[in-house]
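J.: Structure incoming, see below.
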């Protein structure tokens, strides 16, 4: 009995401290992983709200050409959760020629007959009544509760009357 000086007790205490450190580390790693997954979920929900507003803007005739804002209720509780703003920037516009038209239902109204004007400079350009405008939509969606913010860019091409772009390009 005299030779036993408590070595087993000391080894047991060291092992207990090591097990406690491993448990605390495991808890912290699990908590940070849970936060990462939660942040990804909030980001994805905000991104889907932004895409919903972009789809709505594209479906409206003038929704692409003017800046707009919208609110989206993600969890269907009656209060808007995400504020989305769309800022369009015209990238390029060009008047479509009659040869580029497919003369289907959407292109039929663009066709323009060409009058014969031999010798008159600029008389027969071959242009139709429609133009193609390419817009870059800058979409910013922000959720107030989690402070999640997403910015995305969406390219959109729309058909507009040729008169709408004649100030920007030669007609």
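J.: Any residue in the stretch 155-171 that is closer than 22 Å to residue 139 by Cα sitting within a Cβ distance under 7 Å of a residue that is in a loop (DSSP other than H, G, I, E, B) and at pLDDT 80 or above? List the pairs, counting only those 6 or more apart or interchain.
T.: 156/64; 158/64
J.: Do you know which residues across the stretch 73-94 are over 14 Å from the mean Cα position of the chain (by Cα) and farther than 30 Å from residue 131 by Cα?
T.: Result: 73, 74, 75, 76, 77, 78, 79, 80, 81.
J.: Scan the stretch 52-84 for residues that are under 23 Å from residue 160 (Cα atoms) and out of contact with any helix residue (DSSP H, G or I) (no Cβ under 7 Å at 6 or more places or on another chain) and report the count.
T.: Going through the stretch 52-84 one residue at a time, the tally reaches 14.
J.: Strands (runs of 3 or more DSSP E) wholly in the stretch 59-171 with at least 3 residues that are surrounded by 15 or more Cβ atoms within 10 Å (Cβ to Cβ) and modelled with pLDDT under 90 - which ones?
T.: Correct list: 82-97, 127-143, 148-161.
The values are calculated or read from the model by the stated rules, or taken from the named source; none is laboratory data. This structure is a prediction, so every number in the text was calculated from the model and none was measured. Heads up, the Cβs are rebuilt from the backbone with ideal geometry, glycines too, and the neighbour counts pull from every protein chain shown.
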